[in-house]
Amino acid sequence: MISKYRKQFNQEFTQEKYTLFNDILKEKSGLSPSFRLSESPMFLSNDFKNKLIDASESIIDQIKALPEGTLEKAIPENCKVPNDTKQPHFFTIDFGICRSENGEIEPQLIELQAFPSLYAFQKVFEDTFCEVYPFLNEIKSKIPQEEFQTQLKELIVGDENPENVILLEIFPEKQKTAIDFALTEKLLGIKTVCLTKVKKEGKKLYYENDGRKIQINRIYNRVIFDELDRIPDLKLEFDFREEADVKWITHPNWFFKISKFLLPMLKHQFVPKSYFLHEFPESENLENFVLKPLFSFAGSGVNLNPTKEITDAIEDKENYILQRKVVYEPIFEDINGEFSKAEIRLLYIWKENEERPILLENLGRMTKAAMVNVDFNKKDAIWIGSSNAFFVEE
């Protein structure tokens with residue numbers, strides 16, 4: 001979109017710089033990313049950023065205005081965790097980058113969640129772009145590294161000793177986001193602990209480090225609770241549904257409460273119309289909608305072209321939504337003159353005593369395929385995969 005910076009980046013780009021970019025990230029984290037990194041950042045206008053913020057602020061207002069108890073209906077009975085909080089610690093919101101009927105580039109809401117994304121990784125990712133392409137420093141995020149670290153530390157570690165705070169995941173070394181776990185450890189001084197290693201005595205939780213038993217007081221939760229049931233022969237000492245003397249950052253219930261469950265309740269020019277499957281009106285044309293399970297992750301279960309036969313066969317229709325299709329606009333030109341589409345995720349944190357969340361970073365995902373999730377990208381294409389947006393004056 002921003003021709004000056006796009007032209008300069010494409011002129012400076014080489015495969016050697018892309019290799020260097022990946023090498024620097026490996027050196028900083030100790031791991032190679034297990035998801036594809038786009039060769040290019042996204043250059044977007046401040047006008048587009050203002051549209052993103054306007055839509056996000058409206059969505060936050062609408063969520064805060066919902067009648068008490070509305071969000072609780074989203075939590076499956078077998079997934080309710082005690083000691084819920086009045087608001088989540090994280091809030092992320094995904095927009096497709098589209099073109100309106102009058103030709104303007106505009107965002108369209110794809111989904112939203114109160115689950116931590118790649119916060120630590122994304123900041124290092126942006127900084128690494130600036131190291132390899134120094135001209136990007138003039139348009140990088142205004143939040144310095146020190147403030148970014150302080151904000152996350154206050155949120156996740158709080159007043160605790162970092163050794164009493166853990167990043168919790170199930171088999172973390174097997175997760176695609178392992179590079180983010182490593183960078184979080186470096187940023188906050190906390191340990192990543194597998195759920196299978198958590199010990200429970202009464203209501204207290206512990207983990208072992210260098211032969212020492214250490215009490216867990218705060219959990220930076222990266223476990224998607226409802227996925228645990230799909231792991232065969234999983235043996236755990238700690239069940240999320242049990243009472244425990246621990247503070248969740250963020251509480252597992254919010255994974256369900258801020259989710260696709262909300263989409264049919266939201267209204268804004270940048271929010272496509274959505275319906276719960278069991279409430280889909282006959283006046284609408286199914287061909288114009290995408291079928292999504294409420295609680296899937298990373299694009300699993302999404303059907304871009306649902307048919308009446310498919311929707312009729314679904315028994316738990318209340319656990320699916322139909323969302324009006326949006327068309328991603330291919331506007332990010334690569335060095336071969338081909339164009340990628342993209343979506344952008346805004347990464348907010350929400351402090352316990354604050355009325356509104358704070359926007360810390362963004363995460364971009366570029367594609368040349370029908371679905372934007374990096375799993376659906378062709379391996380031989382360029383300008384695809386995880387990215388980062390830089391916002392500039394046109």
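The values are calculated or read from the model by the stated rules, or taken from the named source; none is laboratory data. Everything numeric in this text was worked out from a predicted model, so none of it was measured. Cβ placement follows ideal geometry from the backbone for every residue including glycine, while neighbour counts extend to all protein chains displayed.
For the range 102-125, the condition holds for at least one residue, the condition being that it is buried (at least 22 other Cβ atoms within 10 Å of the Cβ), touching an Asp or Glu at 6+ places or on another chain (Cβ under 9 Å), basic (Lys, Arg) and within 30 Å of residue 7 (Cβ to Cβ). So for the range 75-84 (the condition being over 20 Å from the mean Cα position of the chain (by Cα) and of a type in the set (Lys, Arg)), does at least one residue qualify? Yes: the range 75-84 contains one or more residues that are over 20 Å from the mean Cα position of the chain (by Cα) and of a type in the set (Lys, Arg). When every residue of the range 140-148 is checked against the conditions, at least one turns out to be in the same structural domain as residue 388 (by TED's automatic domain parsing), under 20 Å from residue 49 (Cβ atoms), at pLDDT below 95 and of a type in the set (Lys, Arg). Per this entry, residue 325 is counted among residues that are within 30 Å of residue 6 (Cα to Cα) and either free of Cβ contacts under 8 Å to residues at least 60 places away in the same chain or assigned by TED's automatic domain parsing to the domain that holds residue 101 (or both).
Report yes if some residue within the range 340-351 is among the small types (Gly, Ala, Ser), modelled with pLDDT of 90 or more and within 30 Å of residue 15 (Cα to Cα); otherwise report no. Yes, the conditions are met somewhere in the range 340-351. For the range 175-216, filtered to residues that are more than 25 Å from the chain's Cα centre (by Cα) and assigned to a loop (DSSP other than H, G, I, E, B), the residue that is surrounded by the most Cβ atoms within 10 Å (Cβ to Cβ) is 198. Within the range 1-29, restricting attention to residues that are among the aliphatic types (A, V, I, L, M) and farther than 28 Å from residue 186 by Cβ, the residue that is modelled with the lowest pLDDT is 1. When the range 256-273 is filtered for residues that are under 16 Å from residue 70 (Cα atoms) and in contact with a strand residue (DSSP E or B) (Cβ under 9 Å, 6 or more places away or on another chain), the ones remaining, listed by number, are 258, 259, 260, 261, 262, 263, 264, 265, 266.
One residue stands out among those in the range 189-217 that are touching a residue at least 40 places away in the same chain (Cβ under 8 Å) and among the aliphatic types (A, V, I, L, M): the one that is farthest from residue 319 (Cα to Cα), which is 214.
Mind listing whichever residues of the range 246-265 are more than 19 Å from residue 277 (Cβ to Cβ) and of a type in the set (D, E, K, R)? Hits for the range 246-265 are 247, 257.
If I filter the range 311-324 for residues that are β-branched (Val, Ile, Thr), surrounded by fewer than 18 Cβ atoms within 10 Å (Cβ to Cβ) and touching a helix residue (DSSP H, G or I) at 6+ places or on another chain (Cβ under 7 Å), do I get at least one hit? Yes, that holds for at least one residue.
Only a single item in (1) assigned to a strand (DSSP E or B); (2) in contact (Cβ under 8 Å) with a residue 24 or more places away in the chain; (3) touching a Phe, Trp or Tyr at 6+ places or on another chain (Cβ under 6 Å) is not met by residue 220, and it is number (3). On inspection, residue 93 qualifies as in contact with a helix residue (DSSP H, G or I) (Cβ under 9 Å, 6 or more places away or on another chain), in contact (Cβ under 8 Å) with a residue 40 or more places away in the chain and among the β-branched types (Val, Ile, Thr).
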